[in-house]
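Remarks on the structure that follows.
The numbers here are math on the coordinates, done by the rules we state, and not lab data. Computed from a predicted structure; not experimentally measured. Cβ atoms come from the backbone with ideal geometry, glycine included; neighbour counts cover every protein chain shown.
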Amino acid sequence: MSRKRTPQSGSNGLPPANAHAARRSARSQSDPDVILATLPVGTPDYLRVLGAILKKFNHRHSTKHKGVSFKTMLDRQRLYASFFRELRHHTPYRNLDPRQLANRHIEAMVERWVARGLSTATLHNYLSFLRTYGAWIGKAGMVREPEYYVGSESRHAHRVQVATIDHSWRAKGVDISAKIAEIYKFDAWVAMQLDLCDHFGMRAKEARHFRPHGAVLHRDAANPRDAAAFPECEWFVRISHGTKGGRPRDVPLRTDAQRDLLARAATVVAPGMYVGQPGMTSTQSQSRFYYVIRKFGISKEQLGVVAHGLRHEHVNDAYESDADAPSPVRGGVTRPAKDQEARQRAARLLGHNRPGVTSCYLGRSPAAVAAERLPAIDAVTDPKA
C-alpha cells in the first residue's frame, strides 16, 4: 500500500513562509552590485571583484546600445584576468583592486607588452579593451591613445596596416583544393565552410553562419554600392550573418565554381539553417571548426597558414584580375593604371567602404608608400576575423 507524501511546508501545501526570502537572499549573493558593495576596496579577492564587474557590463557594446558576441565577451574576460594577474604578480602593484585601475598601471603593463614583443595590432586591441573597461568603472577617457604610452617615435604608436607578406595559402605552398578535399573526408561541414571562404572571401565566422537558401539576389535587389562596383554582374550573394558590425554585403556571383558550391550547400542545408554542424550551438560549431583545421595542419605553427588566409587569397586574385597586374604583396612593383578601381572593387568584396583598408591584404607599391610616406609594416592577420 502506497503512502501519501506529506507536504513539508505545512497542512495547506504552500511553500514555507521564508522560501521567497531565501530565494531573494540567494539572488542577492550573486548580484554584482551587492558583491561590489560588500567587498571593500583593496580586498585580496580581486578575481571576485573582476567577476562582478564582468557580470554587470561584459554583455554590453562599448559605444552602442546593443550586445556583443560571445567571442568578444570571452576575449575581454581573458585579457582582463591575465592583465590583473600579471600586474599583481610581476609589478610593484601587488595589491591593486580592479576598481582602482589608473594610467600608471597601464603604463607598467604596456612596458611589459612592448618588451615581450607584442605586435602593434595586438597592443592597440588590448588598449581598446582597457578603454572599455575604464568606462565600466567610471573612468571614461582615462585610457589614452597608444602614442601616449610608447612615444610618438615608436613603431607601436600608430596602427598603419600595410601588408608586406602574402598571407594566402598558395604563397605558403598549400594546395587549397587538395587540402579542402582532404578535410571533406573527415568533416564535410568544416570543409564546406572553408570552401565558402575560398570562393567568396568570407571570414570563417561568416561561412559558419551562412544561409544558402535565399542568398542569391538579382542586382536590382542588391546593395546599390555593391551593384555599382560590379556593373557587369547580374547576380549577387548576400552575406549578412556573422559579419563585422552586423553590416551585410552583396558579393558578385561570377563563376561556375561559385554556383556549384551554392547548389551543394543548398542541398545539404535545410531552409533557414546555416552551414554549421547540425545540432551544435554557434560556440560548439566554432570550436569544432578550429579543432578540425588544426588537425589538418592549418595553423601558423604547422603549415604557416590560417583560415583567414583564404580571404587574402580571394581578394588578391580579384585584384589581379581587375588590375591586370599582381598586387604589391605578390611582387607588383609599379602602380597599375587600374589600381584605384581594382582597390575599390576589392574593398566592396571585403565589406569595407574605404579602399585604403585593402592595403592590409594587397600591400602598397613602393612608389605609393614613398609618395604617401606610410611606414610599411606587416599586417597582422586575425584568423577569426
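Laid out as a table, the results:
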| read-out | value |
| --- | --- |
| With Cα atoms, 0 to 90° folded angle of helix 120-136 axis to the chain main axis | 30 degrees |
| Listed residues G245, G51, G356, most fluctuating in the chain (Gaussian network, C-alpha, under 10 Å) | G245 |
| Entries in K71/K295; K64/K185; K56/K244; K172/K244; K179/K244; K71/K300 that, when Cα-Cα distance is taken, lie over 32 Å | K64/K185 |
| Added length on full extension, which subtracts the Cα-Cα distance from 0.36 nm per residue, S299 to A337 | 10.1 nm |
| Cα centroid of region 227-271 to Cα centroid of region 115-162, whole Å | 36 Å |
| Sorted largest first, extent of the chain alpha carbons per principal axis (Å) | 84, 68, 40 |
| For L96, L47, L123, order by how many other beta-carbon atoms lie within 10 Å, fewest first | L47, L96, L123 |
| Using alpha-carbon coordinates, inclination of helix 282-295 to the longest axis of the chain, degrees | 50 degrees |
